[in-house]
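Student: My questions will all concern the structure given below.
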Protein chains: 2
Amino acid sequence: MYFEEYLPQRVFALRPVHVTEAGIVEFARRFDPQPYHTDPGSEEARAFGGVIASGWHTCALAMRSFVEGYLSAESALPSPGIDELRWHAPVRPGDELAIAVTVLEATPSRSKPDRGIVRSRIEATNQDDVVVMSMTAINFVRRAPPTAARGAS
Amino acid sequence: MYFEEYLPQRVFALRPVHVTEAGIVEFARRFDPQPYHTDPGSEEARAFGGVIASGWHTCALAMRSFVEGYLSAESALPSPGIDELRWHAPVRPGDELAIAVTVLEATPSRSKPDRGIVRSRIEATNQDDVVVMSMTAINFVRRAPPTAARGAS
């Protein structure tokens, strides 16, 4: 996919994410060592009904689906950032998260004619239909190369 | 630290983050498998002068410092989210990132008198004084327990 294919309102259902307790604990021990993420037996985890995933772990898991199903190696440039990242509800061991992306805006770059800026809404929804995470991703995406453009005209 | 200690404009220099090529590649293979993150020999990585870290990896590394030096197990509740996460410049193997946090705002919760909402600016700055990442974190933090409050009065 090149920039031209990111049409506003287009929706992509990406590969779902399966969350495991081992994955939650391992990620959190390395990067987010708070007891309600790392220790199922802790008072803090029990207060939440068991360990809950680090929000950064949920982001990382969703990113894998985003890379595989939404970005293309030929066109995806490093992202400048994310707006309004929200962790709405706990993510728990055994959760199956549907990952959906909607193109919000696609704007050609003014300064660099070879690319455009795509703004996308990412939502992760669990098996009980609760949106657990949402964000707006900003991505620089290359335009189709001139030969492909000529072929299409 | 309880809510009362997060005073606006207070600045915390957290534990610096050391970035390695093995860490960049391992994280990206699992969560962000784009060639400029995963494969030092790829054309894509060479275009950036070598592999660059997944933005989510930089977030996760900074989170560890944030948990260790800014949050307290007694008072930190799960975060509702992040605003204006920006990856300003590439993070590379060998980088040493200074992690600084500034309290922007601390507001008592209206609905839950046992806690407050802290907004914090997190910045990661590399050894060349380039800010590579910034974000505004939103955290729910417990207020000091009544006994401590009585002790202080």
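Derivation of every value follows stated rules applied to the coordinates shown; laboratory data play no part. All of these numbers come straight from a predicted model, not from anything done at the bench. Reconstructed Cβ throughout: ideal geometry from the backbone, glycine too, with neighbour counts over all protein chains shown.
Student: Would you calculate the separation in nanometres between label points at B:GLU26 and B:LYS112, each defined as 7 Å from the Cα along the Cα-to-beta-carbon direction?
Tutor: 3.4
Student: Tally Lys and Arg at +1 and Asp and Glu at -1 over the other residues with C-beta under 10 Å from the C-beta of A:ALA137: what net charge comes out?
Tutor: +1
Student: Can you give me the angle between helix B:21-31 and the longest principal axis of chain B, using Cα atoms only, in degrees from 0 to 90, rounded to the nearest 10?
Tutor: 80
Student: Between the helical axis of A:55-69 and the dominant principal axis of chain A, each derived from Cα atoms, what acute angle in degrees is found, rounded to the nearest 10?
Tutor: So the helix axis and the longest Cα principal axis differ by about 40 degrees.
Student: How long are the three semi-axes of the equivalent ellipsoid of the protein assembly as shown, in whole Å, if each is the root of 5 times an eigenvalue of the C-alpha gyration tensor, listed from largest down? Can you show the working numbers first?
Tutor: On the way: eigenvalues 248, 94, 68 Å².
Those come to 35, 22, 18 Å.
Student: For peptide B:72-84, what's the mean number of Cβ atoms from other chains within 10 Å of each residue's Cβ? Write out the running numbers ahead of the final one.
Tutor: Values: counts 1, 6, 1, 0, 4, 5, 12, 6, 5, 9, 10, 5, 5.
Taking all residues of B:72-84 together, the mean is 5.
Student: Moving on to the next point. Counting Lys and Arg as +1 and Asp and Glu as -1, each charge on the Cβ, what is the dipole of the protein assembly as shown about the Cα centre in debye, to the nearest 20?
Tutor: 540
Student: What is the magnitude of the charge dipole of segment A:28-69 about its Cα centre, with +1 placed on the Cβ of each Lys and Arg, -1 on the Cβ of each Asp and Glu, and no other charges, expressed in debye to the nearest 20?
Tutor: Dipole magnitude for segment A:28-69 comes out near 120 debye.
Student: What are the nm distances, shortest first, from A:VAL131 to its equivalents in the other copies, labels at 7 Å along Cα→Cβ?
Tutor: 2.9
Student: Also: For chain A, calculate the relative contact order in percent as a whole number, restricting contacts to Cα pairs under 8 Å that are 6 or more residues apart.
Tutor: 30
Student: Which FRET efficiency, nearest 0.05, do A:GLU43 and B:VAL130 yield, Cβ-Cβ r, R0 51 Å?
Tutor: 0.75
Student: Out of every Cα-Cα pair in chain A, what percent are more than 20 Å apart? Mind showing how you got there, number by number?
Tutor: On the way: 6189 of 11628 pairs.
Everything past 20 Å amounts to 53 percent.
Student: Put a dot 7 Å past each Cα toward the Cβ at B:ASP83 and A:GLU5; how far apart are the dots in nm?
Tutor: About 3.6 nm separates the two model spin labels.
Student: If you take the beta carbon distance between B:THR102 and A:THR147 as r and set R0 to 35 Å, what does 1/(1 + (r/R0)^6) give as a FRET efficiency, to the nearest 0.05?
Tutor: Working: r = 50 Å, r/R0 = 1.42.
Taking R0 as 35 Å, the efficiency between B:THR102 and A:THR147 is 0.10.
Student: When Cβ neighbours within 10 Å are restricted to other protein chains, what is their mean count per residue of peptide B:29-40?
Tutor: Counting Cβ atoms of other protein chains within 10 Å of each residue's Cβ and averaging gives 4.
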